[in-house]
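Each value in this text was obtained by applying a stated rule to the coordinates, not by laboratory testing. Quick caveat: nothing in here was measured; it's all calculated off a predicted structure. Please note: Cβ atoms are built from the backbone with ideal geometry, for glycine as well, and neighbour counts cover all protein chains shown.
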Amino acid sequence: MKAEIFAEIMNARAQRKPVALVTALDSGKQRVVARDHAADDILAQVLDEAFRFDRSGVHKVPEGEFFVHIYNPPLRLFVIGAVHIAQSVIPIAKAAGYDIVVIDPRGAFATGERFPDIALHAEWPDEILPKLGLDQRSALLALTHDPKIDDPSLNLALKSKVFYIGALGSKKTQGARRQRLTELGFGEKDIARIHGPIGIDIGAQGAPEIAISIMAELTRVLRLGS
């Protein structure tokens, strides 16, 4: 690997930008392809699937045979609201490989006793999220039921490339949320990115089952895109 190729990959990793190292097996020629530009590459379909499934490997296409090495940043899950359901979601998300960040300005909720070994921020979402960064390897769950806390996080998430946005609440709650976001200038296509009521409909009862439905939906969007 040439020094400039290595530097490009390291720079992308530092910025949490997904890239692929594509090596032509007949010539050894290498190039770095950013996920944002993968649709324009001759291996567009191969790269799309490889990025979504974190899958490196050899691919044979009419243009030749290539080895695609995927460099995806670690997955992150931003949980807005240090609530009961969050306590059930987090163990599943950790087992699935997510770095967890819990944000709740209510200091009495976001405590190390309730969330051991988790990054906690007792700050308002609109203050801390811009510092932490929302990117295409991040997902966000808004779980507080409090518009003063959930809405600012949804506002920022909708302006970002996060791959999943979920918001807890009934259909009535979602309708009111939709109206508030519309008044903020978001269109139907933007608001449709929010999964709510959150989770796959499996008839979940109680926090543990709701957590399973949430992580199932999140995983489906991560891997399948919908």
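Below, the figures for the structure above:
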{"quantity": "Distance histogram for the range 60-141 (every C-alpha pair counted, 10 angstrom bins, percent rounded to whole numbers)", "calculated": "16, 44, 20, 9, 8, 3"}
{"quantity": "Of all DSSP beta bridges in the chain, antiparallel share, percent nearest 5", "calculated": "45"}
{"quantity": "Cα-based shape type of the range 76-224, given that a ≥ b ≥ c are square roots of the gyration tensor eigenvalues and the cut on a/c is 1.5", "calculated": "rounded"}
{"quantity": "Net +/- balance of residues flanking Leu158 in space, Cβ distance below 13 Å, scoring K and R +1, D and E -1", "calculated": "+2"}
{"quantity": "Flagged links, alpha-carbon separation over 26 Å, of Lys2/Lys94; Lys94/Lys131; Lys17/Lys131; Lys131/Lys161; Lys29/Lys60", "calculated": "Lys2/Lys94"}
{"quantity": "Shape of the range 3-71, Cα gyration tensor, a/c cut at 1.5", "calculated": "oblate"}
{"quantity": "Whole-angstrom gap from the range 1-67 to the range 121-157, using each part's C-alpha centre", "calculated": "31"}
{"quantity": "Gyration tensor (alpha-carbon) shape descriptor, the range 33-99, a/c threshold 1.5", "calculated": "prolate"}
{"quantity": "Karplus-derived 3J(HN,Hα), 6.51/-1.76/1.60, for each residue of the range 107-116, Hz, glycine and proline x", "calculated": "x, 5, 8, 8, 10, x, 5, 7, 10, x"}
